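Written out below as structure tokens is the structure these notes cover.
The values are calculated or read from the model by the stated rules, or taken from the named source; none is laboratory data. Being a predicted model, the structure only gives us computed values, none of them experimental. A quick note on method: Cβ atoms are made from the backbone with ideal geometry, for glycine too, and the neighbour counts reach across all protein chains shown.
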Amino acid sequence: MFANLSAGALGLPLDHPTAIDLAVRHDFGGVDPDPTYFAGLGSVQAVSEHAAAVRERGLSWGIAGLPVPLDGPAETFRAALVDLPATLELLRAAGVTALGTWVRPMHEELRYRENWRLHLSRLSVVAELLADAGLRLGLEYIGPKTFWSTERFPFIHSLREARELIAESGASNVGVILDSYHWYTAGESAEDLAGLTDADIVSVDINDARTDRSRDEQQDLDRRLPFDTGVIDLDGFTAAVREAGYTGPVKVEPFMPSLAKEPVDDVLADVSHRLARAISA
């Protein structure tokens, strides 16, 4: 595992070169790739050279966001597929190995099995395109009941469901994004992570939760920094991830607007320390 700087996940408005400099300064092992920045470099060769320079500074890549909405309108999905190969070419040139997206855990119109069939068909198409480019895809399930209960038909909001969808897709390059916050709000334990391997996990997020809310009252976009409150058993979570033999990026995604108001070096020094504690525990 390595500590990954994801400026966007921290709510910090950093451009790509600045994020790289700060990741090095604060002893992160990786940084998120930026496909928009890659496209602005003008050529695949320039992207490869940029990636080599990043590696020379001791950094690996985190994961890129999947620019294809698995639950969007059909025309939006088709249009995104048209643009996807160009993005994949840049990511491959940079040496990025994975993309990720989250699964919207409810729908106002589609019942569970209808939504399942929609995701299954689209996941199969996207996974095949990524496989052809040598890339993996991570799916993140969303755990808070305060979110998945807001529309008529709840959908995937647990690890078991996410793994069942992946298994039914038959795609060997698709795994899960594990977030301690979703793991906790889904009512899961370390036992639910037993049996996972590095091949099953694409990326990991660690966060804590508020003390003044029960598990079912927690809000998806109102979290706490890891080890802040102790509400989430991060020691048990990270121990299970290590037991799985996971080797990829670990980031913090607390959705705390206050972080952007603090000195960026202070924020990143703190986050780096928390990640180091989680990874080395």
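Overview of values
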| quantity | calculated |
| --- | --- |
| Residues of segment 237-259 satisfying the condition of being part of a helix (DSSP H, G or I), out of contact with any Phe, Trp or Tyr (no Cβ under 8 Å at 6 or more places or on another chain) and free of Cβ contacts under 8 Å to residues at least 60 places away in the same chain | Thr238, Ala239, Ala240, Glu243, Ser258 |
| Segment 215-242 - residue that is of a type in the set (Asp, Glu) and within 24 Å of Trp148 (Cα to Cα) and, of those, surrounded by the fewest Cβ atoms within 10 Å (Cβ to Cβ) | Asp216 |
| Test for Val68: is it among the β-branched types (Val, Ile, Thr), without any contact (Cβ under 8 Å) to a residue 60 or more places away in the chain and either more than 24 Å from Leu193 (Cβ to Cβ) or surrounded by fewer than 21 Cβ atoms within 10 Å (Cβ to Cβ) (or both) | yes |
| Residue tally, condition under 24 Å from Leu130 (Cβ atoms), part of a loop (DSSP other than H, G, I, E, B) and either at pLDDT below 95 or out of contact with any Leu (no Cβ under 8 Å at 6 or more places or on another chain) (or both), over segment 159-189 | 2 |
| Some residue of segment 108-118 being buried (at least 21 other Cβ atoms within 10 Å of the Cβ) and at pLDDT 95 or above | yes |
| Within segment 13-46, considering residues that are within 22 Å of Ser272 (Cβ to Cβ) and among the β-branched types (Val, Ile, Thr), the one surrounded by the most Cβ atoms within 10 Å (Cβ to Cβ) | Val31 |
| Residues within segment 136-158 that are in contact with a His (Cβ under 9 Å, 6 or more places away or on another chain), among the basic types (Lys, Arg) and not in a loop (DSSP other than H, G, I, E, B), tallied | 1 |
| Pairs, first free of Cβ contacts under 8 Å to residues at least 24 places away in the same chain and over 19 Å from Ala7 (Cα atoms) in segment 205-226, second buried (at least 21 other Cβ atoms within 10 Å of the Cβ) and not aliphatic (A, V, I, L, M), C-beta under 7 Å, six or more apart | Arg210/Gln218 |
| Some residue of segment 13-31 being assigned to a helix (DSSP H, G or I), β-branched (Val, Ile, Thr) and in contact with an Asp or Glu (Cβ under 7 Å, 6 or more places away or on another chain) | no |
| Residues within segment 243-265 that are of a type in the set (D, E, K, R), more than 22 Å from Arg210 (Cβ to Cβ) and loosely packed, with under 14 Cβ neighbours inside 10 Å, tallied | 1 |
| Output for segment 190-216, where each listed residue is in a loop (DSSP other than H, G, I, E, B) and either in contact with a Phe, Trp or Tyr (Cβ under 8 Å, 6 or more places away or on another chain) or among the aliphatic types (A, V, I, L, M) (or both) | Ala194, Leu196, Asp198, Ala199, Asn207, Ala209 |
| Only one of Glu89, Glu140, Glu109, Glu128 that is of a type in the set (Asp, Glu) and closer than 22 Å to Gly187 by Cα | Glu140 |
| Residue ID - nearest to Thr18 (Cα to Cα), chosen from residues in segment 47-65 that are of a type in the set (A, V, I, L, M, F, W, C) and surrounded by 14 or more Cβ atoms within 10 Å (Cβ to Cβ) | Val54 |
| Residue in segment 121-138 that is closer than 27 Å to Arg274 by Cα and out of contact with any Ser or Thr (no Cβ under 7 Å at 6 or more places or on another chain) present | yes |
